[in-house]
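A quick write-up on the structure given underneath.
The values are calculated or read from the model by the stated rules, or taken from the named source; none is laboratory data. Given the structure is predicted, the values throughout are model-derived calculations rather than measurements. Counting neighbours? That spans all protein chains shown, and the Cβs are built from the backbone with ideal geometry, glycine included. For the accessible areas, the whole protein counts, side chains as well, though only heavy atoms, and no ligand, DNA or RNA atoms are used. Shrake-Rupley method; radii C 1.70, N 1.55, O 1.52, S 1.80 Å.
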Amino acid sequence: MYKSITFALTRTATAADQTAEAVKYIRRKGRSDLSARGEPFLWGLGGALAFGMLMIFGFLALIVWNGLVTFYPKPVQVVTLSDGTLLAGEPSRSEVYKPGPQVLEHLDEPARQAIAAEHGYARRTLFRTGNFDLYNEDFRWASDFSIVSVAEPADVYFIERIEWGPFVGFIRSLNLKGETVSGAALTRQILEEAHRRAVQRRELIREIEREEIGAVNHRLNSERLKLKRIALKQGENSDTYRQAAAESLALQETLQGRYHDLARDAQAVKAEDAQYTVTLAEIGGRGKTIPLSQVVRFTLPNDMSFFEKIRLYLSRWLEFLTDEPREANAEGGVMPALFGTFVMTVLMALAVAPFGVMAALYLREYAKQGKLVSVVRICVNNLAGVPSIVYGVFGLGFFAYICGGTIDRLFFPERLPNPVFGTGGLLWASLTLALLTVPVVIVATEEALAAVPQSMREGSLACGASRWQTIKYIVLPRALPGIMTGLILAMARGAGEVAPLMLVGVVKLAPELPLDGFFPYIHLERSFMHLGFHIFDVGFQSRNSEAGKPMVFVTTLLLISLVAFLNATAIVIRNRLKRRFLIGHF
Amino acid sequence: MEAARKIDENDHTVYHIKTTGRGPLIETEHFCLWYGSSQALFDVSMDIELGLVTALIGPSGCGKSTLLRSLNRMNDLIDGLRTRGAVRFDGHDIYDRDTDVIGLRKRMGMVFQKPNPFPMSISENVTYPLKVDGIHDKTVLAETVERALQGAALWEEVKDRLKDNALGLSGGQQQRLCIARAIAADPDVLLMDEPCSALDPIATARIEELINELRGRYTIIIVTHNMQQAARVSDNTAFMYLGRLIEYGETTRIFTTPRSAKTEDYVTGRFG
């Protein structure tokens, strides 16, 4: 380019009449050399980035928006249909559809013309009507042409229940131990006070059944196992066994007595609780009486101020985060799944970090770099491409059946044939995921180790340090930020993995958390719940996928947030470490 | 004093070194070295006098750094390395099977081309050789820090910020810190691999001054590209060319009246 310009300029200087031509020559040359200037590539590269960003942010926006609005109370509409029936529910979405010929036949002329004007299409709205126990459905479509009028009455209740999903309708009366309150006497205060007491009773029953009877059962079971253990060790005819059996029998009787007492207590509270009921009426007038303790909360969605709505919104989030699921996971909270995901990811990180780092250290620092090491490296990289379900099969076969089976035979012979470790569980799931993510850690660690300048190693060795001292004092601290990056990637991959977990310990509904008050407090052998599997279960395995859809978004949002939280923690740690090495980079 | 001798009939090395009469500390005998299949050192035989400063000069790729790194077996890190002949340190062949390489390196401090302080505090850098030796006594460490930093003429500049990160020092200070680290464990030998090539002239002058101060306390072997530097700081100079030791003699003689034609060509700047 420069050459042609200088060339052109000399020509201009010598012959004035050639000036115009020379300028034209420069311009033409500049314009035709587009590929040399590189604009199309720049546009291509920028476009690729923009496209990628658009997809990522679009996806995140979809998840975040849908996840955040789910718990916000929506108005309940009462719709009068053209056939005279009433329908009450939350409008959840609307769409355009093509009504069939039979439907059109029964329509009056103006409606038919309106549809014809839209080329045979009409609009319809899906209402969440609730009252599954009465209607046998949760949602109902209403076409716009069949709607006569829409109202939002202030006194229509949206009642969340423990069973059967929400109830949409009115409260007819309150039955408090034989005393019936209805009409104007049924104030908001009376309702709330009665409900508060009912919730207390529900929690009391739960506490007795879960905690106290659970503890008695646990002790009974461990007594039985202790005895069986002695029987297996000493034989059933030994003196030790006879003595232990007698002692155990006495203890079991005491425990049985305690159990009966507790069961009677629980029964008494239940009988008391059954006397407090509420009679509800759906929009068509059909009544339904349920115990007050079956109600999670009463809301009047059409008669709420903004702050009341926010309060309800937050209380629903709190319930979601801290409660156990109900209604086949479609309602209630996800605390066990959240906890299970968290514990499993942390355990996986604890297992994968030392393992991957040690393997990479050997590969990079000790192994003689040759063909064999290259082959090993390629194999490690390829492991990252093995379908995760294969790891699940391997985990089930190797960890659960072989390792767990051996542990059971050696340490828990009294429990056989019931497996303890010999089936899927938290520990095996973590180890399976650790195996799945170990290539990520190895590759990242190797890169981090390779980035440590050779001069550092030489300086240390020249000081008379051994190889291991050099690694410990010089190489590892320098490589730690890079190793952390690998760990972050591994955690992100592991936390979002579902397929292998289905084989090695994740269940739809875990009866117990892996952490409780019974020795040894952390039960790594237990099956657990996982947010990823929860999404699959709620979205595709529940009786009503329409009701599960918002929960899918909320749970996805939660899972993404959890992964982001774990990553952010690791990034903060990594940056702390990095700062030590950044001083004086001039 | 001058000791002039010929190693053997086939050797062409011109040999006329200055001695102190205390005898050689390191002797190489027909030392050959291969990286894989390419030979880097050919039949190098030289005695390094105790307590003197010996400079290794020669054009790039002549094997002077390789020779230096062979003395404390830093070349061991390279895969496919082979040697023949012997390197005697205090009469013991360091390429023997039973050599304690770590113990050998502890007796030889090394300073590299580019300053390579560790990403730790200044005092931790200096005490690193003691740390790997398992010495944790605080008073011993504190004494070592002061002695080594004073030995490296860095004490006055850093005594108030010993806990600061060493990477915050200037290039010249970093190199003096590396010298302090190299002498912290009180070695017998100081190996310097072009210690000034990454430094500016003022920092270079300080290092040269320091080498003059350390003369006599340590046996110093310095590889340098800079012939003036070799002339300024060393007692003996070895000129190497294409992996061979061409001439090894008293520095003033090498630079004024070299006996080999190749040496003369190099020191007068005709090639290199």
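Condition check ((1) of a type in the set (A, V, I, L, M, F, W, C); (2) within 19 Å of residue A:573 (Cβ to Cβ); (3) within 21 Å of the chain's Cα centre (by Cα); (4) in the same structural domain as residue A:216 (by TED's automatic domain parsing)) across all residues:
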| site | (1), (2), (3), (4) |
| --- | --- |
| A:426 | yes, no, yes, no |
| A:438 | yes, no, no, no |
| A:459 | no, no, no, no |
| A:463 | yes, no, no, no |
| A:467 | no, no, no, no |
| A:481 | no, yes, no, no |
| A:488 | yes, yes, yes, no |
| A:495 | yes, yes, yes, no |
| A:500 | no, no, yes, no |
Checklist outcome for this item: Note on the range A:454-507: residues more than 7 Å from chain B (Cβ to nearest Cβ), of a type in the set (S, T, N, Q) and without any contact (Cβ under 8 Å) to a residue 12 or more places away in the chain are A:454
Checklist entry - (1) open to solvent by 30 Å² or more (accessible area, probe 1.4 Å); (2) assigned to a helix (DSSP H, G or I); (3) more than 14 Å from chain B (Cβ to nearest Cβ): which one isn't true of residue A:577, the others all being true? => result (3)
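Would you confirm whether or not the range A:135-153 contains a residue that is over 22 Å from residue A:84 (Cα atoms) and surrounded by 13 or more Cβ atoms within 10 Å (Cβ to Cβ)?
Quick first cut of the range A:135-153, residues over 22 Å from residue A:84 (Cα atoms) only: none.
Scanning the range A:135-153, I find no residue that is over 22 Å from residue A:84 (Cα atoms) and surrounded by 13 or more Cβ atoms within 10 Å (Cβ to Cβ), so the answer is no.
Is it true that residue A:288 is in contact (Cβ under 8 Å) with a residue 12 or more places away in the chain, assigned to a strand (DSSP E or B) and open to solvent by less than 60 Å² (accessible area, probe 1.4 Å)?
Numbers: in contact (Cβ under 8 Å) with a residue 12 or more places away in the chain: yes; assigned to a strand (DSSP E or B): yes; open to solvent by less than 60 Å² (accessible area, probe 1.4 Å): yes.
When the stated conditions are applied, residue A:288 passes them.
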Checklist entry - Applying the selection to the range B:158-198, what residues are open to solvent by 30 Å² or more (accessible area, probe 1.4 Å) and under 24 Å from residue B:74 (Cα atoms)? => result B:185, B:186, B:188, B:197, B:198
Checklist entry - Somewhere in the range B:98-109, is a residue outside any helix (DSSP H, G or I), more than 12 Å from chain A (Cβ to nearest Cβ) and under 30 Å from residue B:43 (Cα atoms)? => result yes
Next on the checklist: Looking at the range B:57-90 only, could you name the residues that are away from every other protein chain (no Cβ under 12 Å), among the aliphatic types (A, V, I, L, M) and in a helix (DSSP H, G or I)?
Outcome noted: B:67
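If we only count strands (runs of 3 or more DSSP E) wholly inside the range A:157-272, which ones have 1 or more residues that are open to solvent by less than 60 Å² (accessible area, probe 1.4 Å), under 30 Å from residue A:547 (Cβ atoms) and of a type in the set (A, V, I, L, M, F, W, C)? Outline the logic, then answer.
On the way: elements: A:157-161, A:167-176, A:179-182.
Those strands (runs of 3 or more DSSP E) span A:157-161, A:167-176.
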Checklist outcome for this item: Pairs returned, first residue in the range B:153-171 that is within 14 Å of chain A (Cβ to nearest Cβ) and in contact (Cβ under 8 Å) with a residue 24 or more places away in the chain, second residue that is open to solvent by less than 30 Å² (accessible area, probe 1.4 Å) and of a type in the set (Phe, Trp, Tyr), beta-carbon separation under 9 angstrom, 6 or more apart or interchain, are B:165/A:581; B:166/B:118; B:167/A:581; B:167/B:118
Checklist entry - Between residues in the range B:243-272 that are closer than 28 Å to residue B:35 by Cα and residues that are acidic (Asp, Glu) and part of a loop (DSSP other than H, G, I, E, B), which pairs lie under 9 Å by C-beta distance while being six or more apart or on different chains? => result B:245/B:11
Checklist entry - Which of the helices (runs of 4 or more DSSP H) contained wholly in the range A:319-435 include at least 3 residues that are open to solvent by 40 Å² or more (accessible area, probe 1.4 Å) and within 30 Å of residue A:454 (Cα to Cα)? => result A:335-361, A:371-383
Checklist entry - So residue A:56 clears everything in (1) among the hydrophobic types (A, V, I, L, M, F, W, C); (2) modelled with pLDDT under 90; (3) not assigned by TED's automatic domain parsing to the domain that holds residue A:150 except one condition, right? Which one? => result (2)
